[in-house]
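Since the structure comes first, as structure tokens, the remarks are kept for the end.
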Amino acid sequence: MINKRIFLSLSEQSGFEADYVQKALNSSWITSGGPNVDDFEKELESYINEKCYITASNSGTSAIHLALILLGVQSGDEVICQSMTFSASANPILYQGAIPVFVDSEWDTWNLCPESLEMAIKDRIEKGKKPKAIITVHLYGNPYKIDEIHAIADKYNIPIIEDSAEALGSSYKGKKCGTFGEFGVFSFNGNKIITTSSGGALITNSKKLKEKAIFYATQSKDEAVHYQHSKIGYNYRMSNICAGVGLGQMKILQHNINSRRAIHSFYKEIFKSIEGVTLFEVPSDDYYSNYWLSTILIEPDTVKNTSREDLRLAFENANIETRPLWKPMHLQPVFEKYPYYGGKIAEELFEKGLCLPSGSNITEEDRNRIKEVVSAFFK
Ligand SMILES: *Cc1c(COP(=O)(O)O)cnc(C)c1O
């Protein structure tokens, strides 16, 4: 008999999603924007609990693109981006015809390395071009070195777009991720901590910028009775149906975070006695992670002649999904011609790292199956 597959990151429903969607279907708001969208934005704003303005979009990727547009990033401009991330952090730079400059990670948070970042900024300025923006990432929900990174950005007066796609609910020194940069971005893709099927959000601290974001996200219509456009527009607004799913999901956001953090504790227990394997943990109490995904590093030859890939296959044979960490952008065929600053930390993370099943739906029985694979592999 084949065991049911254990997936990397499945979401749960609160049961209220259908009510909000039905409300949209019963009204004439089967469209982009609408009352569910307004309510979803308000709920997110009150959850964030800081003065902020949220624009719901049809994806996290489109929210990053909107941030670049609002910062005036244009063809030929340079934008610094954390290399260790999902491609959606970097793709919008290319949508603008701009040039990505990739930067390595550090070992404490696996995110942007302050030294490599400053090296990159100095060298780009020396070469004649000051970077227009920096895209930072809270990888797997883990906050980056906020104080150090933002001090450098401030020193050179470069705005930060905080890719918080994986980090809704994470915080640093009690302040929520997504609120530190000029712009923050969330994703509500199917695999994220809450989902709207597909969706995203742009966070700013200015009402004016929110109005501008909505302007660009809804085809840049000038104020006129006829259709008039003086700017290139985009169809990036969240649908009122999707926002209904989001309103239902808001009711289990805290539950999802608690579950994912509990799974992280479970992994801490099962890996604590296995030498050569380290579970990622935040470096201090200043950092609070939603632990969107639990991740480990495996030293090669921990078990003779085995590597990360052998453990992945052992899980796969038990019908359990695991994945290597993101492959760094500077090693991707589509990005390898662009500048890169740093050493081999991101590359080593990729070679040794594995993402483990972390969904909030993982049962006791699933945990036992995971535990069995681990004990058999490291026996
Ligand atoms: C998911 C993700 C995105 C993109 O979000 P979508 O909603 O899927 O477009 C961007 N950056 C990171 C780091 C992500 O994990």
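The values are calculated or read from the model by the stated rules, or taken from the named source; none is laboratory data. Here the structure is a predicted model, which is why all the values come from computation and not from measurement. Reconstructed Cβ throughout: ideal geometry from the backbone, glycine too, with neighbour counts over all protein chains shown. Calculation scope for accessible area: heavy atoms of the full protein, side chains included, ligands and nucleic acids excluded. Shrake-Rupley method; radii C 1.70, N 1.55, O 1.52, S 1.80 Å.
Relative to the current alpha-carbon distance between ASN361 and GLU223, full extension at 0.36 nm per residue lengthens the span by 44.9 nm. Grab every C-alpha pair in segment 182-303, bin the distances at 10 angstrom width from 0 up to the longest one, and report whole percents. Percent of pairs per bin, in order: 11, 27, 26, 18, 11, 5, 1, 0.
Computed over segment 1-152, the range of Cα coordinates on each principal axis works out to 59, 48, 31 Å, biggest value leading.
Between the C-alpha center of segment 69-115 and that of segment 137-152 there is a gap of 14 Å.
In this label model, TYR95 and LYS173 are separated by 3.3 nm, measuring between points 7 Å along each Cα→Cβ vector. Derived from the Cα gyration tensor, the three semi-axes of the equivalent ellipsoid of segment 111-178 are 24, 11, 10 Å, largest first.
Write down the accessible area per residue of the chain in Å², having rolled a 1.4 Å probe over the full set of protein chains.
Ligands and nucleic acids excluded, the figure is 43 Å² per residue.
Relative contact order, whole percent, for segment 205-335 stands at 12, derived from Cα pairs under 8 Å and 6 or more residues apart.
Annotation: Cα Rg of segment 206-256 relative to the compact-globule expectation 2.2 N^0.38 Å equals 1.55.
From the alpha carbon centroid of segment 308-342 to that of segment 178-198 is 22 Å.
Stokes-Einstein D for segment 1-44 at 10 °C, 1.306 mPa s, Kirkwood Rh over Cα pairs, in µm²/s?
Value of D from the Cα-based Kirkwood radius: 121 µm²/s.
Figure legend: label point modelled 7 angstrom from the Cα of ASN317 along Cα→Cβ; residues of segment 335-379 with amide N under 17 Å from it are 369-379. Loop exposure criterion: chymotrypsin sites (Phe, Trp or Tyr not before Pro), DSSP state outside H, G, I, E and B, at most 14 other Cβ atoms within 10 Å. Applied to the chain, the longest stretch between such sites is 228-379. Farthest towards the positive end of the charge dipole of segment 254-377, among the residues ALA318, GLY342, MET329, is the Cα of MET329, using unit charges on the Cβ of Lys, Arg, Asp and Glu. The apolar share of the surface of the chain, taken as the fraction of accessible area on carbon and sulfur atoms (1.4 Å probe, ligands and nucleic acids excluded), comes to 50 percent. Volume per residue of the convex hull around the Cα atoms, evaluated for the chain, comes out as 148 Å³. With every protein chain in place and a 1.4 angstrom probe, the accessible-area ranking of ILE296, ILE345, largest first, reads ILE345, ILE296.
For LEU247, the shell of other residues with beta-carbons less than 14 Å away shows a net charge of -4, using +1 for Lys and Arg and -1 for Asp and Glu.
Normalised by residue number, the volume inside the convex hull of the Cα atoms of segment 254-377 is 149 Å³ per residue. Note: relative contact order over the chain, using C-alpha pairs below 8 Å and six or more positions apart, is 25 percent. Any chance you could tell me what percent of the C-alpha pair distances in segment 32-117 go past 18 Å? Everything past 18 Å amounts to 57 percent. Please give the FRET efficiency for GLN74 paired with VAL334, using the beta carbon to beta carbon distance and R0 = 22 Å, rounded to the nearest 0.05. It comes to 0.55.
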